[in-house]
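Accompanying notes for the structure given below.
The values are calculated or read from the model by the stated rules, or taken from the named source; none is laboratory data. Keep in mind it's a predicted model, so treat the numbers as computed, not measured. Neighbour counts run over all protein chains shown; Cβ positions are idealised from the backbone, glycine included. Areas reflect the complete protein model, heavy atoms only, side chains present, ligands, DNA and RNA absent. Shrake-Rupley method; radii C 1.70, N 1.55, O 1.52, S 1.80 Å.
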Amino acid sequence: MSELVIKNLHVNIDGKPIIKGLNLTVPQGEVHAIMGPNGTGKSTLASTLMGHPSYTVSEGEVIFKGVNILDLPSEARSHLGLFLAFQYPVSIPGVTLANFLRTALNAHRKAKNPEDKGIPILEFRKIMKERMELLKVDSSFAGRYLNEGFSGGEKKRAEVLQMAMLRPDFAILDETDSGLDIDALRIVSEGVNTLRNSDLGVLVITHYQRILNYIRPDVVHVMMDGRIVESGGPDLALDLEEHGYTWVKEKIENGEPV
Ligand code: ADP
Ligand code: MG
């Protein structure tokens with residue numbers, strides 16, 4: 001059961017509360033979007049779910065596949081099937097994209113089966129080529145250092161390529177749309193859509209409604225000041241785009257339905 005359940009999550013950075021009692025359930029196979037203004041804690045939530053050491057959880061739990069993942073180190077969360085596409089992917093000079101992908105894939109295989117000897121190189125190349133074509137990533141990228149000199153859009157495509165290789169059960173996409181022009185956005189979204197299936201849960205974190213035209217969510221949540229303040233169907237994203245975040249805030253403060 002790969003449902004993700006976040007209960008009363010509180011997260012601090014350097015002692016300052018950023019996430020303040022966040023509750024969220026994403027059932028298996030559903031795509032949920034989190035929209036919210038800048039600085040509201042969306043990336044903090046994503047990093048906390050993956051176990052970034054700068055973020056201190058002071059309260060709450062996150063249940064995935066029956067375990068509280070907050071007790072696990074990052075790599076164990078990844079082996080369990082959780083994946084994060086970063087808002088700001090880092091470059092790793094000296095490590096090629098192909099090597100990085102193969103190392104990650106082999107670590108996953110080994111976590112599942114300690115006897116595993118790693119994916120045969122030819123099989124790996126075949127799968128990588130196939131997934132790169134799917135995401136329209138130029139084949140020369142395989143031999144380039146990870147994210148080194150990649151444009152914003154290329155970094156985002158490399159993130160989704162990782163997802164396509166690792167085939168997680170739950171993916172968090174943190175502003176995967178930022179820095180993408182409309183063609184790149186369509187390619188990346190189509191890539192994500194081809195990975196969609198009845199088991200994969202997805203949390204699409206975004207500031208703008210645009211990506212949700214391509215990756216259609218089942219549920220849209222509005223996050224403000226470290227909490228989910230409103231949830232609704234895909235139309236909620238359109239209302240937000242039209243009226244802005246202050247509109248939601250005022251409605252909530254006045255006790256009106258959004
Ligand atoms: P969002 O992704 O919604 O724009 P963030 O989670 O990036 O918001 O940031 C939420 C708040 O936490 C902001 O006030 C930001 O300045 C602060 N913050 C985020 N990361 C750090 C960090 N590593 N060190 C200090 N403050 C941080
Ligand atoms: Mg962010």
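For the range 175-258, which fully contained helices (runs of 4 or more DSSP H) count at least 1 residues that are farther than 27 Å from Arg157 by Cα?
On the way: elements: 182-195, 235-243, 245-253.
Output list reads 235-243, 245-253.
May I ask you to verify whether Glu115 is over 19 Å from Leu4 (Cα atoms) and in a helix (DSSP H, G or I)?
No, not satisfied.
Flag: Asp218 does not match the condition of being touching a residue at least 24 places away in the same chain (Cβ under 8 Å), open to solvent by less than 10 Å² (accessible area, probe 1.4 Å), of a type in the set (D, E, K, R) and under 19 Å from Ile34 (Cβ atoms). Sub-7 Å Cβ pairs linking a first residue in the range 8-25 that is under 11 Å from Thr48 (Cα atoms) and in contact (Cβ under 8 Å) with a residue 24 or more places away in the chain to a second residue that is open to solvent by 50 Å² or more (accessible area, probe 1.4 Å) and not in a strand (DSSP E or B), at least 6 apart or interchain, are Val11/Tyr55; Ile13/Ser54; Ile13/Tyr55, ordered by first then second residue. Among the residues of the range 166-176, those that are open to solvent by less than 10 Å² (accessible area, probe 1.4 Å) and of a type outside the set (Phe, Trp, Tyr) comprise Ala171, Ile172, Leu173, Asp174, Thr176. For the range 43-52, taking the residues that are open to solvent by less than 10 Å² (accessible area, probe 1.4 Å) and near ligand 2 (Cβ under 10 Å from one of its atoms), the one that is nearest to Ile211 (Cα to Cα) is identified as Ala46.
Residue by residue through the range 11-35, note down the ones that are among the polar types (S, T, N, Q) and assigned to a strand (DSSP E or B).
Our first condition is that a residue be among the polar types (S, T, N, Q); within the range 11-35, this holds for 12, 23, 25, 28.
Passing the criteria: Asn12, Asn23, Thr25.
Does Thr48 satisfy the criteria of being within 16 Å of ligand 1 (Cβ to nearest atom), closer than 22 Å to Met223 by Cβ and part of a helix (DSSP H, G or I)? Against the criterion (within 16 Å of ligand 1 (Cβ to nearest atom), closer than 22 Å to Met223 by Cβ and part of a helix (DSSP H, G or I)), Thr48 qualifies. Considering only residues in the range 109-140 that are surrounded by 18 or more Cβ atoms within 10 Å (Cβ to Cβ) and modelled with pLDDT under 95, the one that is farthest from Lys155 (Cα to Cα) turns out to be Arg131. Within the range 157-183, the set of residues being among the polar types (S, T, N, Q) and closer than 17 Å to Ile34 by Cβ comprises Thr176, Ser178. The set of residues in the range 148-164 being over 26 Å from Gly201 (Cβ atoms) and open to solvent by less than 20 Å² (accessible area, probe 1.4 Å) consists of Phe150 alone.
When restricted to residues that are crowded, with 17+ Cβ neighbours inside 10 Å and within 16 Å of ligand 1 (Cβ to nearest atom), the range 20-31 contains 2. Hey, among Pro17, Pro73, Pro53, which residue is farther than 26 Å from Asn197 by Cα and near ligand 1 (Cβ under 10 Å from one of its atoms)? From the options Pro17, Pro73, Pro53, the qualifying one is Pro17.
Residues are listed down the side, and each one gets a yes or a no for (1) part of a loop (DSSP other than H, G, I, E, B); (2) on the phi < 0 side of the Ramachandran plot:
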{"residue": "Pro37", "(1), (2)": "yes, yes"}
{"residue": "Thr40", "(1), (2)": "yes, yes"}
{"residue": "Gly60", "(1), (2)": "no, no"}
{"residue": "Ile63", "(1), (2)": "no, yes"}
{"residue": "Leu70", "(1), (2)": "no, yes"}
{"residue": "Arg77", "(1), (2)": "no, yes"}
{"residue": "Val90", "(1), (2)": "yes, yes"}
{"residue": "Gly94", "(1), (2)": "no, no"}
{"residue": "Ala98", "(1), (2)": "no, yes"}
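If you go through the range 169-191 and keep only what is away from ligand 2 (no atom under 16 Å from the Cβ) and at pLDDT below 95, you end up with Asp181, Ile182, Asp183, Ala184, Leu185, Arg186, Ile187, Val188, Ser189, Glu190, Gly191.
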